[in-house]
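J.: Pasting a structure below so you can have a look.
We did not get these values from a lab; they are worked out from the coordinates using the rules stated. Note that the coordinates shown come from a computational prediction; the quantities given were computed from them, not determined experimentally. In this analysis, Cβ positions are derived from the backbone assuming ideal geometry, glycine residues included, and neighbour counts consider all displayed protein chains.
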Amino acid sequence: MELGYEIPARVGQTLDEICTPALIVDLDAFERNVAKMKAYCAHNNIRLRAHAKTHKSSDISRYLIEHGGACGICCQKLSEAEALFRAGITDIFLTNIVVDPVKIDRLVELTKAARIIVCVDDMSNAKALAAAAARAKTVLECVVEIEVGHMICGIPVGSEMVGLAQFIDAAPSLCFSGVQAYQGLAQHTYEYKGRKALLDAAIYKTREAVALLKAEGLNCDIIGGGGTGSHSFETASGVYNELQCGSYIFMDADYFRVQTEDGSLISNYEPSLFLCTTVISSAKPGRAICDAGIKAQSVDSGLPKVYTPAGVTYVKCIDEHGVLTDPDNNLRPNDRVLLIPGHCDPTCNQHDWLVGIRNGLVECIWPITARGKFF
């Protein structure tokens, strides 16, 4: 029997009518964030390839390309890229490495109908990609991922890196497009000096890599990296020509701990993503229980911050419940509490829908297109 409750809200409903826990987007704040990054990139003459791992939404991806100045999007997993491609996104940079032969065949198939770019940091992987693309009679764009301090993927800058790029450039079924130089550790390094030290080292290595490649006649169309927490450094370097920011559209509690040189917060960006939760119990004085626990959010970067009401703190996360301190005993069952997630990316991956709110009413409901696409 169809009950009609497969989505948390309907267009035109109020906040109090949304079934919780639900992810809601303040559309006005979201649009201001998008406009700020677009203006920033235009002013600094740097491309933006917005990262979709933040939201996993085809609706948001289209909005960022059509209205946010993005030249395309980034994805982190192949199935994520496939889901967004099926929804009409046709310029995708897979900022990761694909080694499984089955996945490689799926990857090269996408190139027949879209611009697809992938990272490589290993010669055997490059050869496998070249063979698969040749079998499929297509050409796959590749960037060499370099180690700039992130300590995950990436080939060290040097002769082996140059050799890998030369192989890609010479392979008829591959196209050398540049370098990937992302310093992920810097994004949430709160203290300015520590973050600057990480970026100084990354920029030095990136500049060296580009110079070595240029000396061999290899020019980089893409010199990519930069996230919400670091993009001002990559922009100012004069080396990078493409940013990969994602979280700026939403922000999260952890990003609001990152500081500028004078100790203020890094961001001109606003929180626009909220976990809407409902108080289900206030039986004990000074405490309330809400319906958003660990199954509704990621707490890898810490607990969420209560946005409204004032004076309330989220102090403990259980499977299906959250514990709130309420010193003034203002909360009552069925009250709504808005939380700023601790980490927006994995929190989005735990939901099927984003509920867009404007002027207190539901304006749109976006499916999280690539939710659960981590293979």
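J.: Kindly put I18, I116, I280 in sequence by how many other C-beta atoms sit within 10 Å of each C-beta, fewest to most. If you can, show how the numbers build up before the last one.
T.: Values: I18 20, I116 26, I280 16.
Lowest to highest Cβ neighbour count: I280, I18, I116.
J.: Which ordering of F374, F167 is given by a fewest-first count of other beta-carbon atoms within 10 Å?
T.: F374, F167
J.: Just to be sure I understand: of the beta bridges DSSP finds with both ends in the chain, what percent are antiparallel, rounded to 5? Write out the running numbers ahead of the final one.
T.: Values: 29 of 63 bridges.
Here the antiparallel bridges make up roughly 45 percent for the chain.
J.: Of the residues N349, N45, N125, which exhibits the maximal mean-square fluctuation in a Gaussian network model of the chain defined by a 10 Å Cα contact cut-off?
T.: Fluctuation is largest for N45.
J.: Let me ask another. Can you spot the lysines whose alpha carbon is less than 17 Å from K305's alpha carbon? Ignore those fewer than 8 places along the same chain.
T.: K295, K316
J.: How high is the relative contact order of the range 90-249? Use alpha-carbon pairs under 8 Å, at least six apart in sequence, and give a whole percent.
T.: 18 percent
J.: Could you order the peptides 358-371, 170-183 from most to least packed, using the average number of other C-beta atoms within 10 Å per residue?
T.: Per-residue Cβ counts within 10 Å, averaged per peptide and sorted highest first, yield 170-183, 358-371.
J.: Distance cut-off 19 Å, Cα to Cα: go down the list K53/K112; K77/K214; K103/K127 and report the pairs above it.
T.: Exceeds cut-off: K53/K112; K77/K214.
J.: What is the packing order of peptides 55-63, 21-29, 282-290, taking the mean over residues of other C-beta atoms within 10 Å and listing the highest first?
T.: Result, highest mean first: 55-63, 21-29, 282-290.
J.: In debye, nearest 20, what is the charge dipole magnitude of the range 252-293 about its Cα centre with +1 on Lys and Arg Cβ and -1 on Asp and Glu Cβ, if you could check?
T.: Working: 3 positive and 6 negative charges, 83 e Å.
The dipole magnitude comes to about 400 debye.
J.: Test of understanding: in a Gaussian network model of the chain with alpha carbons linked when under 10 Å, which of M161, M151, M37 would top the mean-square fluctuation ranking?
T.: Most flexible of the set in this elastic network: M151.
J.: Mind putting a number on the dipole of the range 90-249 about its Cα centre? Charges go on the C-beta only, +1 for Lys and Arg and -1 for Asp and Glu, and I need it in Debye to the nearest 20.
T.: 180 debye
J.: Where is the GNM fluctuation largest for the chain (alpha-carbon springs, 10 angstrom cutoff): A113, A186, A134?
T.: Of A113, A186, A134, the most mobile in the Gaussian network model is A113.
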